[in-house]
1. Stick to the Cα atoms of the chain, pair each with every other, and give me the Kirkwood hydrodynamic radius in Å at one decimal.
2. From a point 7 Å beyond the Cα of residue 170 in the direction of its Cβ, which residues of segment 260-281 have a backbone N at a distance under 18 Å?
3. Return the FRET efficiency for the residue pair residue 104, residue 83: r is the Cβ-Cβ distance, R0 is 51 Å, and the value is rounded to the nearest 0.05.
4. Between residue 26 and residue 246, what is the spin-label point distance in nm, taking each point 7 Å from the Cα along the Cα→C-beta axis?
5. When only alpha-carbon atoms count, how far does segment 109-168 stretch along each of its three principal axes, as whole angstroms with the largest first?
6. Hey, could you grab the Kirkwood Rh for segment 10-100? Inverse mean 1/r over distinct alpha carbon pairs, Å, one decimal.
7. So how tilted is helix 320-334 from the main axis of the chain? Cα-based, degrees 0 to 90, rounded to 10.
8. Can you list, largest first and rounded to whole Å, the semi-axes you get for segment 355-459 by taking the square root of 5 times each eigenvalue of its Cα gyration tensor?
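Rule-based calculations on the coordinates, nothing more; no lab input. The structure displayed is predicted, hence computed values, not measured ones. Cβ sites come from the backbone with ideal geometry, for glycine too, and all protein chains shown count toward neighbours.
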């Protein structure tokens, strides 16, 4: 078996890997991507993109059902659920084609197969027919991602028991759905199926849904979704979880007692595990933490020279945009062109149910734990003219600022367009902006972006419209 020499290898082509490949190519490196499956990874094919296509269908159906509010009469609207799924898969396929184009445009070589590190800057790639080739490399960026965590006593069959991966191509609309885990993935799927009439129950072990979010925002979302017909139970324990034929059943224990649940479908959304098995980390002597995630520094360097790691494989937050930014930093570091280290305290988080949740920076609880003196400003979207005009008054914009100079410490938004609005807060925090500067910036009217200005004004004790 001959050995071929490569320059910079990227192991995995997700939103971290393919971005790293493009940036390294721009900096003059000859780049090779090794990918065992589709280009674009989980995010593009089985995560971010297809799930947002599904959520668009759900939101559209929700709007159709309330069309009389806007002066329309709609009758005989029929749901073709398999077509909803097919559209989502088509969107993913189109985006994968876009990544293929970008690879050709940037002269990135693609090798299909499973890569395993051998130590000594060597990589063996096994193709889908079992053939093997060995390559040497100068640098490697490991971007192998993560996969859904499963429960040991409940087998995922893609029929009654699902993870996000199988649910994205399941063409049968559940009658009764149990969602285990109320993080972003769990809540997005819960909203999606609830919109189409599925009787949805969400169970979460921790005290609130969206555990990483501000408590007030999470409670606000829970109220809205409960009003929409969803059953949400937090602080629970599950016992006797099992599948019998086409039925899933469980005993749900809460502080108030216990209840039995049974239905036709269960979605397990309890987090992810890193794809670090069988990729040769031990042979290359690359260090991992006790959970199996690769250890990397602020320039994404591992403990082994010329070996970098990015994205979900190095741990939380498990976000595509975080992986992409890490990919750029890792590529620049590998090329000796590093401009800045990765900053993990300024990464936006987004959940795309309706209403959406988006946040950046510190929560109130985090400020209290750190002993930071702070002030809070809040504006409900009922006070924002554009929100009322478009029929989306639910939610609020909440800002947390430093009590002394007014530096923006955190922004938390609950609204139908929260994930679009959060970008302004990200720019503000990147530039260490202060609330008075935001208030002094003229925001166009009527827009949803006025909520940021109004919340900042409220934090300064000078609210205008609330």
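1. 23.9
2. Counting only backbone N, you get 261-272.
3. 0.95
4. If labels sit at residue 26 and residue 246, their model points lie 5.2 nm apart.
5. 45, 23, 22
6. Values: mean 1/r = 0.0648 Å⁻¹.
Computed over Cα pairs of segment 10-100, the Kirkwood hydrodynamic radius comes out at 15.4 Å.
7. 30
8. Taking √(5λ) for each eigenvalue gives 22, 14, 11 Å, largest first.
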